[in-house]
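Written out below as structure tokens is the structure these notes cover.
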Amino acid sequence: MMRRTGAALVGGLSVTLVAGLAHADRREASLHAHMVGGVATSADEAVSSDATAPLGGLAVRASYATSNLYQYDVSLSLLGTGGASFSSATFMPAGRPPVTGPFTVGQQVTRLDGGITLRFGVAWIPTVRLASGVQGRRRGGPIVMGGGGEVSGEDATGRGAALVVDVVGTATVGLDHRINRRLIVGVAIGASMAVPLGGEAFRTLEATLHVSRYWYPR
């Protein structure tokens, strides 16, 4: 009798605990800090082919859940690329001889997007995030490998740094782990596609590590 009573109590407590955890996602607010790495593929007006470069940076994201299944969020990303290497092109600086050779271009990106994250678990949480927004890209001037070494700068190449604005869409899949009621860590992989407003194509493949702090305003 005592064993049956004890088992019933333990079973009831387990059901209560699981039920409580299952509903812990609803009305959560959270802040997420991300480390980002990956690659970026971009085009350039001087050549017909694209080039890739390493990508890295940081991001922060704020979210609020109105359901156990999904949360709304907004994210700010600060990213930078190494020099994307393009094939040979000729640059025509004013009042100077033409410069011909392969060249590299680096970029800095500030991206603001908002979307929805679907969540499919409690302790281990597969996630899918879809978002859209805008980003500004500071495209550096070309660094040309000429016959005498590197040539750079607007005076030497005829082209300096430029600011490009894009409409951007992102899609991400990930896996989070709930350490406790307040703390979640996770990993994710995703991609972004830019629709340039007067610039060249730009897209990324990104991997992130993140840590998240949760609380319950209501």
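The values are calculated or read from the model by the stated rules, or taken from the named source; none is laboratory data. Worth saying up front: this structure is predicted, and the values here are computed from it rather than measured. Ideal geometry is used to build each Cβ from the backbone, glycine not excepted, and the neighbour counts take in all protein chains shown.
Observations, loosely collected:
- Residue ranges of strands (runs of 3 or more DSSP E) in the stretch 90-146 with at least 1 members among the aromatic types (Phe, Trp, Tyr): 99-105, 124-139
- Leu175 meets all of the listed conditions (1) in a strand (DSSP E or B); (2) in contact with an Asp or Glu (Cβ under 8 Å, 6 or more places away or on another chain) but one, namely (2).
- In the set (1) at pLDDT 95 or above; (2) within 20 Å of Val105 (Cβ to Cβ), the condition left unmet by Val167 is number (2).
- Of all residues in the stretch 204-218, those satisfying the criterion of being under 11 Å from the mean Cα position of the chain (by Cα) and either surrounded by fewer than 18 Cβ atoms within 10 Å (Cβ to Cβ) or among the aromatic types (Phe, Trp, Tyr) (or both) are Leu205, Ala207, Leu209.
Conditions tested, residue by residue: (1) surrounded by fewer than 18 Cβ atoms within 10 Å (Cβ to Cβ); (2) of a type outside the set (Gly, Ala, Ser); (3) under 26 Å from Val144 (Cβ atoms); (4) at pLDDT below 95.
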| residue | (1), (2), (3), (4) |
| --- | --- |
| Arg3 | yes, yes, no, yes |
| Glu28 | no, yes, no, yes |
| His34 | no, yes, no, no |
| Asp44 | no, yes, yes, yes |
| Asp50 | yes, yes, yes, yes |
| Gly82 | yes, no, yes, yes |
| Thr90 | yes, yes, yes, yes |
| Pro98 | yes, yes, yes, yes |
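- Being more than 17 Å from Thr41 (Cβ to Cβ) and hydroxyl-bearing (Ser, Thr, Tyr) is a property that Thr204 lacks.
- Test for Gly160: is it of a type outside the set (A, V, I, L, M, F, W, C), touching a helix residue (DSSP H, G or I) at 6+ places or on another chain (Cβ under 7 Å) and farther than 18 Å from Ala131 by Cα: yes
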